[in-house]
Amino acid sequence: MEEKSFYLIIFALYSACMMDPMEEDNINVQNIEQMLEDVASGKGPYIDSEEIVDACEYLYNCQRFDDVDIMTSYGMSLHPDSADIQIIRTKMLIDTDRMKEAVLSIDTLQQTQSENPDFNIICGWFNLKQHKVRVALNYFNKAVELDNDELGLDFEIGLNLNQFGYHKEAIKFLKHFQKSHPDDPECMFETAYALEKVGQREKSALLYEELLDKKPFYETAWYNLGILYNNVDEYDKALMAYDTAVTINPEYADPYFNMGNTYVTLARYEEAINCYTDYAVLCDPDHLYPVYQNIGECWWEMGNMELARRFYHKALEMQPDRVDIMYGYALCCIETDMNTTAIEWLSKAIEMEPDNSDLNFAKAQAYYSTSQKSKALDELMEGLKKDPEVILAWHEALKLYVDQNGDDSAFTFIEKNGKKYGTKQAFRFIQAYVIYKFGQSKETVIKILDKIAQKDNQTIYNAAEDEDLRSMLKDEDIASMLLQHNIIITDPTL
């Protein structure tokens, strides 16, 4: 389960642009809306360039890019030499991926604005969006040099580098900003986030804690601190941090979801369901499907297959093409004797992910539950073509083959598949099991298992999950050989 990051929300608030958000009490929003209406209707009056810039900045920070397009086009018609209007328009073109138009605009600005920090910012942003990081950094460094800390562009640069995943580069700009703004909470937040992403979790935690000492009601910092603790398996601290975030802001949805995930990790499924339910009340209805899926998983783990199936079905109604949801729903159907439905969904899922062996193994189980043993065997073998190291699937295939063809056919099964799978450890284990079960040389069995144990002891442990295979491994002579490889087989039911 993925942790839901607050970072994208922070980025949206600052916008992909490089400007500071404008406070609505510094502008007349009603006048801007009237101005926009007049311009859009073709009745636009003469408007001073500064007014147009203010209006465009407001619309830009609200991410109303269509309106920015209208207003900057009109502004350029009135004030063709206004670099400020053209810069805003260029940012809008970049943000809306109108790169060909942006190139032309940048070329025009280059002639007069090469020493303008804002121009260098948009050139950096243009190259960053095309993942030309070195070129972007050159422009960003020049912008900071020209800015001389007047606009705090290094913070905005660091924030955007973070958003694109260049966290190491982001830290440099954020720390530069922090020197002159040591108590800026957003910079501390972004730096802590970047430090976590580059693996410096201790420094990240310390910075979050320092931030929270200064701003104890900063719920998003508590939330990100919870994610950090969760990622280093400090689950109690993670739960405390998430709980603090929602105590500060009970309508803050995301911590409830992550808290639910943490409770699942701790196998505290009822508490997880309560958290997912709280999240469901607050989240966007279009994002409910992972909630239903996770609640379904919780009911599955608690053994209530009927409720598990119902919640998986809710998730499937919202996302009918998600293979993971189809798979979970099909497993619930198998457990509730709805095997025909399970087969239908698994068939669809296999069409979408033909290399996913788990789907074939589940479909085999559904066929077996409806006594279609021949089809079950076919699905098992189809799955083993994709993943031949699944020891338990080999055992099930062997049992079905012998059930249909008699005990003597066990060696035929081995011979039939030996040429294709003879080098696979799971198949070699089944070969040893057939020799052991049908009374041939135990010495040969021990030799085969000894070689398997030397190369891949996980195959041994995987086989021990099955009662029949485990009984062979607990044979006194075989167990003695395995002990030499530090492999001890225990009964998982004890």
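Computed from the Cβ-Cβ distance with R0 of 45 Å, the FRET efficiency linking K132 to T412 stands at 0.15.
Straight-line cross-link reach from K91 at under 21 Å between alpha-carbon atoms covers these lysines, not counting any fewer than eight positions away in the same chain: K100, K129, K132, K142.
Volume per residue of the convex hull around the Cα atoms, evaluated for segment 118-215, comes out as 79 Å³. Does segment 159-205 come out rounded, prolate or oblate by the C-alpha gyration tensor, with a ≥ b ≥ c the root eigenvalues, rounded set by a/c under 1.5 and, if not, prolate when a/b is larger than b/c and oblate if not? Judged from the Cα gyration tensor, segment 159-205 comes out oblate (a/c at least 1.5, b/c at or above a/b). Taking the Cα atoms only, what angle lies between the long axis of helix 117-129 and the longest principal axis of the chain, rounded to 10 degrees? Rounded to the nearest ten degrees, it is 20. Taken over the C-alpha atoms, segment 227-375 has Rg and Dmax values of 17.3, 60 angstrom. Taking a ≥ b ≥ c as the square roots of the Cα gyration tensor eigenvalues, the chain comes out prolate, since a/c reaches at least 1.5 and a/b is larger than b/c. For the pair K442 and K373 in one chain, pulling the backbone fully straight at 0.36 nm per residue adds 21.7 nm over the alpha carbon distance.
Compute the acute angle (0 to 90°) between the alpha-carbon long axis of helix 83-95 and the principal axis of greatest extent of the alpha-carbon atoms of the chain; round to the nearest 10°. Helix 83-95 and the main axis of the chain meet at about 10 degrees.
For a paramagnetic label modelled at 7 Å from the Cα of Q111 toward its Cβ, which residues of segment 61-86 fall within the zone defined by backbone nitrogen distances under 11 Å? Residues 81 qualify, since their backbone N sits under 11 Å from the label point. For segment 207-217, 3J(HN,Hα) computed residue by residue from phi via the Karplus equation (6.51, -1.76, 1.60; θ = phi - 60°) reads 5, 4, 5, 5, 4, 6, 5, 8, 10, x, 9 Hz, glycine and proline entered as x.
Pairs of Cα atoms nearer than 8 Å and 6+ residues apart set the relative contact order; for segment 178-308 it is 13 percent. Evaluating kT/(6 pi eta Rh) at 25 °C and 0.890 mPa s, with the Kirkwood radius of segment 190-269 over Cα pairs in the Stokes-Einstein relation, gives 197 µm² s⁻¹. The shape of segment 221-266 can be summarised by an equivalent ellipsoid whose semi-axes, obtained from the alpha carbon gyration tensor, come to 16, 11, 7 Å from longest to shortest. On a 0 to 90° scale, report how tilted helix 289-301 is relative to the longest principal axis of the chain, with both axes built from alpha carbons and the result rounded to the nearest 10. The answer is roughly 30 degrees. Here the 3J(HN,Hα) profile of segment 401-407, calculated from phi with Karplus coefficients 6.51, -1.76 and 1.60 at θ = phi - 60°, is 5, 5, 4, 7, 10, x, 4 Hz, Gly and Pro shown as x.
Excluding same-chain neighbours fewer than eight residues apart, the aspartates and glutamates reachable from K175 by a Cα-Cα span under 14 Å are D149, D154, E156, D183, D184, E186, E190. Compared with the alpha-carbon gap, the fully stretched path from E101 to Q454 is longer by 120.8 nm at 0.36 nm per residue. Compared with the rule-of-thumb size 2.2 N^0.38 Å for a compact globular protein, segment 76-164 has a Cα radius of gyration ratio of 1.03. Pairs from the list K363/K385; K399/K419; K348/K419 with a Cα-Cα gap above 26 Å: K348/K419.
For the chain, the fraction of 1.4 Å probe accessible surface lying on carbon and sulfur atoms is 46 percent.
In this structure the chain gives 50 Å² per residue of accessible area when probed at 1.4 Å with all protein chains present. Rounded to the nearest Hz, the phi-derived 3J(HN,Hα) couplings of segment 385-397 under the Karplus curve 6.51 cos²θ - 1.76 cosθ + 1.60 (θ = phi - 60°) are 4, 7, 9, x, 9, 8, 4, 5, 5, 4, 5, 5, 5, where x marks glycine and proline. Give the shape of segment 282-349 as rounded, prolate or oblate, defined through the alpha-carbon gyration tensor: a ≥ b ≥ c are the square roots of its eigenvalues, a/c under 1.5 means rounded, and otherwise the shape is prolate if a/b is larger than b/c and oblate if not. It is oblate, given that a/c is not under 1.5 and a/b is not larger than b/c.
The values are calculated or read from the model by the stated rules, or taken from the named source; none is laboratory data. Predicted, not measured: the structure shown is a model, and the values here were computed from it. Note that we place each Cβ from the backbone using ideal geometry, even for glycine, and neighbour counts take in every protein chain shown. Ligands, DNA and RNA are stripped out before the accessible areas are found, and what is left, the full protein with its side chains, is counted by its heavy atoms. Shrake-Rupley method; radii C 1.70, N 1.55, O 1.52, S 1.80 Å.
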